[in-house]
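Structure record follows, encoded as structure tokens.
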């Protein structure tokens, strides 16, 4: 899987995003509950390490350290000092490549299903914003290989989506995938997860009565009504097609698909919020509709706490973030190699805050 041995089909900075946004939809729908869950907050905080393991990208001299009263966890980048925002809550949401209407336990330890959609969702109570980071399923990362007894026997460089397959298709698979993503993001704390089969897209869409939008690109190969520029009301399979479809004969065709995903998610959230204002049971309907197709470690009181944060948070197309990097053709599949400097800067942008002169004591 060496990078030098791969035949490069196209190299450049790409939007590295995933197959569908249904896990993000579910998480944000959960966040529309009202109420405060203090116990939920405590458990969420206890589920993850305190801060990422990021080293400074510039040397910190002894004199400088003394001058600014250097604190543990601070990092220096381009002459600025940053501190991790420990109040941020981060969740991994996964779209699993299974169409089962009920989550099934895997028959062996390598058939847990691949995570074709991977998103990190960060809730920032300081800025009252929600940030969503898409991770391409083909991102090359360190993957742990497990035997039938669940013992880690090796770590290899492979597509990050396959990590979920080395498990039971339920909680164990999710924990493995969470570990792989956290490791990719410098051991970023992840406070919870939700994994959903792709069969839930249409169900969740229809639970709020469908979504209205203007078709961004021609998809008449699926249905004559899905013509570019047409105003449509997405119901049933239309929602699934709109989020999932791409022409796989075109290299890196996920760029256009991601534009549709951002458009759809923004419309879905706005529609869901209006529905909840009129009838709070709408959120329960969405959750219950997806529950048989979902595995999550977010409990009810934790969901209530998330609601108290997210109900007034800002989310729009600017909330979506891209990882820059190189897409190359591997021996069998596309492989995505992320730009490490861009990843580092994105983590600083979302999860860290500048240390002021008064805080540094200089």
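The values are calculated or read from the model by the stated rules, or taken from the named source; none is laboratory data. This one's a predicted model, so the numbers in the text were calculated from it and none came from an experiment. So basically every Cβ, Gly included, is an ideal-geometry build from the backbone, and we count neighbours across all protein chains shown.
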Discussion item. Quick check on residue 190: is it modelled with pLDDT under 90, on the phi < 0 side of the Ramachandran plot and either in contact with a helix residue (DSSP H, G or I) (Cβ under 6 Å, 6 or more places away or on another chain) or crowded, with 21+ Cβ neighbours inside 10 Å (or both)?
Written reply: no
Item to complete: Provide a single number: the residues in the range 312-321 that are more than 17 Å from residue 90 (Cβ to Cβ) and in contact with a helix residue (DSSP H, G or I) (Cβ under 8 Å, 6 or more places away or on another chain).
Response: 2
Practice prompt. Would you tally the residues in the range 239-257 being modelled with pLDDT under 75, part of a helix (DSSP H, G or I) and either surrounded by fewer than 20 Cβ atoms within 10 Å (Cβ to Cβ) or over 22 Å from the mean Cα position of the chain (by Cα) (or both)?
Written response: 2
Fill in: Among residues of the range 153-176, those that are buried (at least 22 other Cβ atoms within 10 Å of the Cβ), in a loop (DSSP other than H, G, I, E, B) and touching a residue at least 60 places away in the same chain (Cβ under 8 Å), counted
2
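Report yes if residue 190 is part of a loop (DSSP other than H, G, I, E, B), in contact with a strand residue (DSSP E or B) (Cβ under 6 Å, 6 or more places away or on another chain) and over 19 Å from residue 336 (Cα atoms), otherwise no. Before the answer, list the steps.
Working: part of a loop (DSSP other than H, G, I, E, B): yes; in contact with a strand residue (DSSP E or B) (Cβ under 6 Å, 6 or more places away or on another chain): yes; over 19 Å from residue 336 (Cα atoms): yes.
Judged against the criteria, residue 190 is a match.
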Discussion item. Checking residue 184 against (1) over 27 Å from residue 287 (Cα atoms); (2) touching a strand residue (DSSP E or B) at 6+ places or on another chain (Cβ under 6 Å); (3) surrounded by fewer than 17 Cβ atoms within 10 Å (Cβ to Cβ), only one condition comes out false. Which one?
Written reply: (3)
Worksheet entry | Number of positions in the range 213-229 that are crowded, with 16+ Cβ neighbours inside 10 Å and more than 15 Å from residue 263 (Cβ to Cβ) | 0
Worksheet item: Is the range 332-353 home to any residue that is out of contact with any helix residue (DSSP H, G or I) (no Cβ under 7 Å at 6 or more places or on another chain), under 25 Å from residue 185 (Cβ atoms), at pLDDT below 85 and buried (at least 16 other Cβ atoms within 10 Å of the Cβ)?
Response: yes
Worksheet entry | Of the criteria (1) assigned to a helix (DSSP H, G or I); (2) free of Cβ contacts under 8 Å to residues at least 40 places away in the same chain; (3) farther than 25 Å from residue 337 by Cβ, which one residue 179 fails | (3)
Practice prompt. Return a yes/no flag: does the range 207-225 have any residue that is part of a helix (DSSP H, G or I) and under 28 Å from residue 289 (Cβ atoms).
Written response: yes
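Yes or no: the range 295-311 includes at least one residue that is modelled with pLDDT of 80 or more and surrounded by fewer than 18 Cβ atoms within 10 Å (Cβ to Cβ).
Quick first cut of the range 295-311, residues modelled with pLDDT of 80 or more only: 295-298.
Okay, now just the ones that are also surrounded by fewer than 18 Cβ atoms within 10 Å (Cβ to Cβ), so none.
No, because not a single residue in the range 295-311 is modelled with pLDDT of 80 or more and surrounded by fewer than 18 Cβ atoms within 10 Å (Cβ to Cβ).
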